[in-house]
Amino acid sequence: VLVSLVAALHPTPAYLLGPMTRILAWNGAASALFGSPEHLSPERRSLLWMLLVDPGEARHNPGREGTARNMVARFRSEYARHAGEPAYEQFIAEVGEHSPWFAEWWSQHEVADTQRGTKTIEHPTLGTLRLHHAQTVPTGAPDLRLTIYAPADAATRAALATLATLATLATLATP
């Protein structure tokens, strides 16, 4: 149900994360704004891995470093509930081995347990976008995180509407 919800939220960017920031759902609007996780193999499809090790088309996103640092601090909060579990220890070792940013930030022990605020994104075709964002824990699913972005101004609302129109045209053009 949550995967369908994320898809249905288009053109509102949204994604669903599981334990260890595993990407369980990622809609088209999120791909258009942040890059798609589709280039990642299923075992590597985590937001931390995408931000820190293999960002694909999002490699040159100017906000990636700040987002990644915040994600590491939020992951540390999750890790506190799973410290010592082999899967978590292995994940931390693998990300740390492949990402100097992760290794540096992990050693600083920063913790953040919430994600909400306003994010500014410089998009190559849509321009400057201002988005309110919030991450929530779905009822009955304490290991999941649903993140939704909403336009913070009229220009961003118009840009997201353009994104929806382009997606609709692409769908109609597909045989």
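The values are calculated or read from the model by the stated rules, or taken from the named source; none is laboratory data. Please read all numbers here as calculations on a predicted model, not as lab measurements. With ideal geometry, Cβ positions are generated from the backbone for all residues, glycine too; neighbour counts draw on all protein chains shown. Heavy atoms of the whole protein, side chains included, go into the accessibility calculation; ligands, DNA and RNA do not. Shrake-Rupley method; radii C 1.70, N 1.55, O 1.52, S 1.80 Å.
Points to keep in mind about this one:
- Those residues of segment 102-126 which are open to solvent by 70 Å² or more (accessible area, probe 1.4 Å) and hydrophobic (A, V, I, L, M, F, W, C), in sequence order: Val111
- Of Ala103, Ala161, Ala167, all but one fail to be over 15 Å from Thr21 (Cβ atoms), touching a Gly at 6+ places or on another chain (Cβ under 7 Å), at pLDDT below 90 and not in a strand (DSSP E or B); the exception is Ala167.
- The condition of being of a type in the set (Lys, Arg) and out of contact with any strand residue (DSSP E or B) (no Cβ under 9 Å at 6 or more places or on another chain) does not hold for Arg116.
- Selection count, segment 1-28, where residues are among the small types (Gly, Ala, Ser), under 15 Å from Tyr149 (Cβ atoms) and in contact (Cβ under 8 Å) with a residue 24 or more places away in the chain: 2
- So Val95, is it open to solvent by 60 Å² or more (accessible area, probe 1.4 Å), within 23 Å of Gly18 (Cβ to Cβ) and of a type in the set (Val, Ile, Thr): no
- Screening Glu78, Glu89 for residues that are part of a helix (DSSP H, G or I), open to solvent by less than 40 Å² (accessible area, probe 1.4 Å) and acidic (Asp, Glu) leaves exactly one candidate, Glu78.
- Subset of segment 6-42 (residues that are at pLDDT 95 or above, surrounded by fewer than 18 Cβ atoms within 10 Å (Cβ to Cβ) and within 11 Å of the chain's Cα centre (by Cα)): Leu24
- Any chance Thr118 is over 21 Å from Leu16 (Cβ atoms), of a type in the set (Ser, Thr, Tyr) and without any contact (Cβ under 8 Å) to a residue 12 or more places away in the chain: no
- Residue among Leu129, Leu146 that alone is surrounded by 14 or more Cβ atoms within 10 Å (Cβ to Cβ), within 14 Å of Pro11 (Cβ to Cβ) and at pLDDT 90 or above: Leu129
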